[in-house]
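The values are calculated or read from the model by the stated rules, or taken from the named source; none is laboratory data. Since we're looking at a predicted model, the values are computed, not measured. Don't worry about glycine lacking a Cβ; one is built from the backbone with ideal geometry, like all the others, and counts go over all protein chains shown. Surface accessibility is based on the protein's heavy atoms, side chains included, excluding ligands, DNA and RNA. Shrake-Rupley method; radii C 1.70, N 1.55, O 1.52, S 1.80 Å.
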Amino acid sequence: MATRLKDVDAVVIGLGFSGAILSRELTKAGLNVVALERGADRNPADEFTLTRLRDELRYAVRLELMQDNSIDTITFRNAPDEVALPIRRFGAFLPGEGVGGTGIHWGALQWRFLPTDFRIRSVLTERYGAKAIPDTMTIQDWPVSYDELEPHYDRFEKLCGVSGQAGNLRGKLISGGNPFEGPRSEDYPNKPIKTAVGPAMFGAAAASLGYHPFPVPVATSSAPYVNPEGITLGACEYCGHCNRTACEANAKASPNVNIVPVLRTEPKFELRTRAFVTRLNYDRNAKRITSVLYTDMRTGEEYEQPAGIVILSSFVFGNTQQLLLAGIGEPYDPSSGNGVVGKNYCYQFEAGANAFFEGREFNPFMGAPGMSIAIDDFNGENFDHSGLGFFGGGYIVCTNAGAPPIGGRAMPKDEPRWGVGWKQATAKWYRCSTGFNTQGSVYAHRDNFMDLDPTYKDALGRPLIRLTYNATDNDHAMSRHVVGKLEGVIKAMNPTRYEMHYRPKNFTVVPYQSTHNTGGTIMGADPNSSVVNRYLQAWDAHNLFVQGASVFPQQPGYNPTGTLGALAYWSAKAITEQYLKNPGPLVHA
Amino acid sequence: MTDDALQRRTFLLGVGLAGTAIATGIPQEAEAQPQPAAPSPAAAAPADTEPFVTLTATEAAFIVAAVDTLIPADELSPSGSDCGVAVFIDRQLGSAWGGGAKMYRAGPFHKGKPEQGYQLALTPREFFAAGIVAANAWSRKNFGGKDFDRLAVGDRVAALKAMEDGKAAFDNFDTRAFFNQLLSLAMAGFFADPIYGGNRDKVAWKMIGFPGLPATYADKIDAYRDKRYVAEPQSIADFS
Ligand SMILES: Cc1cc2nc3c(=O)[nH]c(=O)nc-3n(C[C@H](O)[C@H](O)[C@H](O)COP(=O)(O)OP(=O)(O)OC[C@H]3O[C@@H](n4cnc5c(N)ncnc54)[C@H](O)[C@@H]3O)c2cc1C
């Protein structure tokens, strides 16, 4: 029997960016908040230090900070007629665990979505006619607009000390920035970080073709900066180890550095780590969650934590799994198209290129994701899709995130990988290669979804979440188009040689592609088409607020975290300003 | 004890000593074969003895022979084993990772399709143990009864190539998967921080011009724009 604990005002499940923002906003509003995090506490002053962090094997190869798949994983198949098998060690995507979650080891490119992204079905209908959208493309408008989210984007950018160049300040276009971005109320808190040689060449080539290059916005401060929480961030060291690792300079934003230190001194906040939430107790008649069950992984004891408000911020897979296990909302059925929980899972798998410039010295080990230059001319509805046969797009970027020696040595494919001659080849190409990537939108498809696995269980005895996903014809066509545009820019850079990397036909769980997983508990205008309303409140449980990219109805052509952070602030505002006064549905179905 | 086993036992105590038949595990007949290139004396690794802690004598002989074929001695570096790559593999397979930490190991087990990734119950340590048995059996069948480590250099290259291309058909084991794991572990050993046993004397970092630690470049980006930045690489151990 679980030990029943004292009631609290709010319980937060998972302490990544989403959970940390909600914890902060709710304690500020006077609530007593308990955060339950399945992983360990992670204290930057102790753990994220030099020389410890400069260890590519530990962090980038052995994935020190990632989820423990021996406890919990997901199963995967490409199509509903296949048998899903467990992902035994994560590869394609790398969710984290412990305080900070995936926000410790992210790459920190912090984007806003386009204003048109939020009303994509309407925009496509207006521009190309309703019939142009395939029946299988289950995209829908977001129930929140860019303008509504704008102040919250701004807040999240300030929390994270984002470095970037504004392209549209209150409607005024600014050269050097992204002319396609939605109007921003204020400039980025920090100037862009330094651009690397390869990306600068890319920018010049792109401009010569009439495109609009700009430095990618990145949550890595270019100079010391004090965020609105009063926390001092350091300046980026360009160490080249950002992805999959933490930041000893406190320049890269993470929940642990940018927000959790304030929570640690907050008497209304209590953090319980190694607290694995197994179930939401759901009162179907009252349409509310009464308590959450969790296991203390240090003792094996089970606890029941009653709470007035439940914040579910346990990443895309955990969020969807909890709702399915508790029977909150109707599970999605791909054969009928009915139901909503598990619907519209989307995943960005990328396509890119490498170019080699013999004789140039790029010093690729000096790197930071923000040293990159992008163009947005082929993203979303920034270009006309008439006659193209697909919808969507993505940004195109020349990257310079760092080139650690185990995983960061690009080599032309016809060079030997081992044996006689391979050392000469890798030594020759290492310092003069530069990489490119295309992000891409994922316009939800009827057959891509999540449900509970009938066979496999996690270490706590719960069915694993089952992922059914493959790339669609639409997204393949989109990717080919965008990669074709990239190739045009690369040619204009005049490299010694280059190689384009197209997407594989089928999505595969190896190797790493992106941790841009979305959907499963999507937001929308009504309960027939969504799990949560515009304030991320569950239609079927009014005291449950689901956070993170699981609420995205589909995926625009950018990284997700800027938007999930903005949504967290937007949702927190609705909770503290509306829900607390009058607990109940904030939108009437 | 056969000669072979005796030699392997001796060899287990002597890894890291460059240039002798025992240390490299290459029998005399293989020694007589032309070598691709001789290691330059300047690049020689420190000749300290590092015993294996995980691998058996047969496994160690295989791994040494394999890493020396994947990473042959030449003017850029000593051989893989002389750079500590075999010791690295030994320690990795004995580490938590090698024992399957953070790996979902519940059944049922099905082959699945490649898109579904690794689907065996074997930990990396067990995978290599089984893979080496399969590789040696294949080697004996195709190379006159000889284990892989007993092959002449040219035959070792041919054998690994056949594994890489999937042309070598191991009994009950995925040849390509084995080769790819072997290659990636060897490369990780060659390029990882020397604290893990490989990349002795930071030889791999020197080879490509990777400066190692501390990697704080804010003041160097502009100064070295399109100019080569050269620094004596430093490892984690250099700061301890
Ligand atoms: C290598 C890498 C690079 C990335 N780069 C970028 C980038 O450049 N730009 C970008 O926008 N995004 C990037 N991302 C994605 C980004 O990290 C995530 O979108 C973001 O961190 C998600 O935040 P979250 O709060 O929603 O979830 P998380 O940070 O994943 O937090 C969820 C938390 O919930 C906990 N939890 C889960 N289940 C339970 C349970 N049952 N009980 C208790 N606790 C539980 C987890 O342990 C975790 O701490 C990257 C990700 C990776 C891995």
So which residues in region A:357-412 are in contact with a strand residue (DSSP E or B) (Cβ under 9 Å, 6 or more places away or on another chain) and aliphatic (A, V, I, L, M), if there are any at all?
A:366, A:368, A:371, A:373, A:374, A:375, A:396, A:397, A:401, A:403, A:410, A:411
Filter region A:188-215 for residues that are open to solvent by 30 Å² or more (accessible area, probe 1.4 Å), away from chain B (no Cβ under 13 Å) and of a type outside the set (S, T, N, Q) and give the result.
A:189, A:191, A:204, A:207, A:209, A:210, A:211, A:212, A:213
Of all residues in region A:538-557, count the ones that are more than 20 Å from the chain's Cα centre (by Cα), open to solvent by less than 10 Å² (accessible area, probe 1.4 Å) and over 19 Å from residue A:450 (Cα atoms).
3
Check on residue A:488, at pLDDT 95 or above, open to solvent by less than 10 Å² (accessible area, probe 1.4 Å) and of a type outside the set (S, T, N, Q)
no
Can you tell me which residue within region A:66-113, out of those that are of a type in the set (Ser, Thr, Tyr) and open to solvent by 10 Å² or more (accessible area, probe 1.4 Å), is nearest to the other protein chains (Cβ to nearest Cβ)?
A:70
A careful count of residues in region A:531-582 that are within 11 Å of the ligand (Cβ to nearest atom) and assigned to a loop (DSSP other than H, G, I, E, B) gives 6
Just need a number here: residues in region A:216-236 that are open to solvent by 10 Å² or more (accessible area, probe 1.4 Å) and either part of a strand (DSSP E or B) or of a type in the set (S, T, N, Q) (or both).
4
Which members of region B:106-119 meet the condition of being under 29 Å from residue B:157 (Cβ atoms) and either charged (D, E, K, R) or surrounded by fewer than 16 Cβ atoms within 10 Å (Cβ to Cβ) (or both)?
B:114
Residues being part of a loop (DSSP other than H, G, I, E, B), within 22 Å of the chain's Cα centre (by Cα) and touching a residue at least 12 places away in the same chain (Cβ under 8 Å) - total across region A:62-82:
8
Of the numbered conditions (1) away from chain A (no Cβ under 14 Å); (2) touching a Gly at 6+ places or on another chain (Cβ under 7 Å); (3) within 25 Å of residue A:419 (Cβ to Cβ); (4) assigned to a loop (DSSP other than H, G, I, E, B), residue B:55 fails exactly one; give the number of that condition.
(2)
Going by the structure shown, is residue A:183 surrounded by fewer than 18 Cβ atoms within 10 Å (Cβ to Cβ) and more than 21 Å from the chain's Cα centre (by Cα)?
yes
Out of the residues in region A:397-434 meeting the condition of being within 9 Å of chain B (Cβ to nearest Cβ) and among the polar types (S, T, N, Q), tell me which one is surrounded by the most Cβ atoms within 10 Å (Cβ to Cβ).
A:426
Those residues of region A:508-519 which are in contact with a strand residue (DSSP E or B) (Cβ under 7 Å, 6 or more places away or on another chain) and either within 7 Å of chain B (Cβ to nearest Cβ) or farther than 22 Å from residue A:319 by Cα (or both), in sequence order:
A:509
When the residues of region A:86-97 are filtered to those that are out of contact with any His (no Cβ under 9 Å at 6 or more places or on another chain) and near the ligand (Cβ under 6 Å from one of its atoms), which remaining residue is nearest to residue A:466 (Cα to Cα)?
A:95
Within region A:501-530, take every residue that is more than 16 Å from the ligand (Cβ to nearest atom) and of a type in the set (Phe, Trp, Tyr) and give me the one that is nearest to residue A:92 (Cα to Cα).
A:507
Tally time: how many residues in region A:24-61 are crowded, with 20+ Cβ neighbours inside 10 Å, assigned to a loop (DSSP other than H, G, I, E, B) and within 14 Å of the ligand (Cβ to nearest atom)?
3
The condition of being β-branched (Val, Ile, Thr) and free of Cβ contacts under 8 Å to residues at least 60 places away in the same chain holds, among A:245, A:232, A:220, only for A:232
